[in-house]
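Enquirer: What follows is a single structure, and I will ask about it in a moment.
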Amino acid sequence: MGTKRSVLVDEKGIALAIVISGANTYDIKLLEEALDHIVVLRPEPDEEQSHNLCLDAGYTGSGKAVEQRNYIPHIRPRDEKKKS
């Protein structure tokens, strides 16, 4: 059996959380674990500064879990192609 890692980074690519699990673990479970174990202190979101989270199409359906943790989810639809 292999391993899977989920790395949560900020807009500069700096790691905020890393979760390692078995390869058979669903990505949404790793996302929740990463969001719950961020090791870098961040300011609380307010009206002027919100916390946004950009995810690829593999995380479709994770919006509720993301919102429960005070992030605004931005999930690219599966049919949207990358811009060149």
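Each reported figure results from applying straightforward, stated rules to the coordinates on display, with no laboratory input. Everything numeric in this text was worked out from a predicted model, so none of it was measured. As a convention, Cβ positions derive from the backbone with ideal geometry for all residues, glycine included, and neighbour counts pool all protein chains shown.
Enquirer: Can you tell me which residues in region 31-84 are farther than 14 Å from VAL9 by Cβ, surrounded by 10 or more Cβ atoms within 10 Å (Cβ to Cβ) and of a type in the set (A, V, I, L, M, F, W, C)?
Expert: If the condition is that a residue be farther than 14 Å from VAL9 by Cβ, surrounded by 10 or more Cβ atoms within 10 Å (Cβ to Cβ) and of a type in the set (A, V, I, L, M, F, W, C), then ALA57, ALA65, VAL66, ILE72, ILE75 are the ones that fit.
Enquirer: Further question on the same structure: Could you say which residue among ALA15, ALA34 is more than 25 Å from ARG78 (Cα to Cα), of a type outside the set (Lys, Arg) and within 13 Å of the chain's Cα centre (by Cα)?
Expert: ALA15
Enquirer: If you don't mind, there's one more thing I want to ask. Hey, could you check region 18-30 for residues that are in contact with a Lys or Arg (Cβ under 9 Å, 6 or more places away or on another chain) and within 22 Å of ILE75 (Cα to Cα) and say which is surrounded by the most Cβ atoms within 10 Å (Cβ to Cβ)?
Expert: Result: LEU30.
Enquirer: May I ask you to verify whether LEU8 is surrounded by 14 or more Cβ atoms within 10 Å (Cβ to Cβ), in contact with a helix residue (DSSP H, G or I) (Cβ under 7 Å, 6 or more places away or on another chain) and not in a loop (DSSP other than H, G, I, E, B)?
Expert: Criteria met by LEU8.
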